[in-house]
Amino acid sequence: MMVMPQPDSLQASKVPFSGELIEPEAVAFSFHEPGWFFLAGCILAGIFVLITHRIKRRKRWAYRRQALALLKKVPRRFSAPATQIIAINQILKRVAMTTYGREQVAGLYGGDWLEFLRRETPKAQWDDSFEWLTKAAYLPSQKLTELSESMAESIRSWASEWIRHHGNV
């Protein structure tokens with residue numbers, strides 16, 4: 001095997017290792033640099049925007065919380081299912097007028113009112129028994145005996161979902 005002669009420049013770069021490593025100077029670290037102030041400002045601005053958004057949303061949805069509180073106060077025991085359904089319908093009407101305006105909602109009744117409720121929240125599952133919302137106030141008492149506690153409870157839970165999700169179409 002034949003060894004090729006190396007040029008002088010390569011031989012000169014081969015400095016014998018003396019065993020000592022040359023360490024660079026330590027980089028000075030401080031939180032007083034401008035980058036840290038910028039980062040802190042961005043984080044504080046983000047927190048401020050998030051808190052402001054939450055406060056506005058809480059104020060904007062205050063009527064929903066009030067309506068849900070009213071819905072919980074509708075007596076379940078010691079009152080006829082028809083009475084419960086009438087009260088639930090009144091709460092729904094108040095919420096709808098608050099959200100969509102008196103002009104758009106006040107004149108709705110019967111099938112138009114039910115269609116409005118159905119249209120404004122596709123998230124809540126619709127059941128045919130919800131037609132009692134419009135019938136309960138106008139039927140004679142002997143016809144109201146068809147109403148059961150389970151119907152009133154299903155209407156109550158649907159109304160709760162409607163209050164939470166209406167307008168989020």
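Suppose the filter is among the basic types (K, R), more than 24 Å from Y138 (Cα to Cα), surrounded by 10 or more Cβ atoms within 10 Å (Cβ to Cβ) and out of contact with any Cys (no Cβ under 7 Å at 6 or more places or on another chain); does R58 pass it? Yes; evaluated as a whole, the condition is true for this residue. Checking each residue in segment 22-46 for being surrounded by 10 or more Cβ atoms within 10 Å (Cβ to Cβ), of a type outside the set (A, V, I, L, M, F, W, C) and over 22 Å from the mean Cα position of the chain (by Cα) picks out E33, G41. Looking for something at pLDDT below 85 and not aliphatic (A, V, I, L, M) - is there at least one such residue anywhere in segment 83-100? Yes - at least one qualifying residue is present in segment 83-100. The helices (runs of 4 or more DSSP H) found wholly in segment 47-126 and carrying at least 3 residues that are under 18 Å from the mean Cα position of the chain (by Cα), more than 20 Å from S154 (Cβ to Cβ) and free of Cβ contacts under 8 Å to residues at least 12 places away in the same chain occupy 62-73.
The values are calculated or read from the model by the stated rules, or taken from the named source; none is laboratory data. Computed from a predicted model, the values in this text were never measured in an experiment. Backbone-built Cβ (ideal geometry, glycine too); neighbour counts: all protein chains shown.
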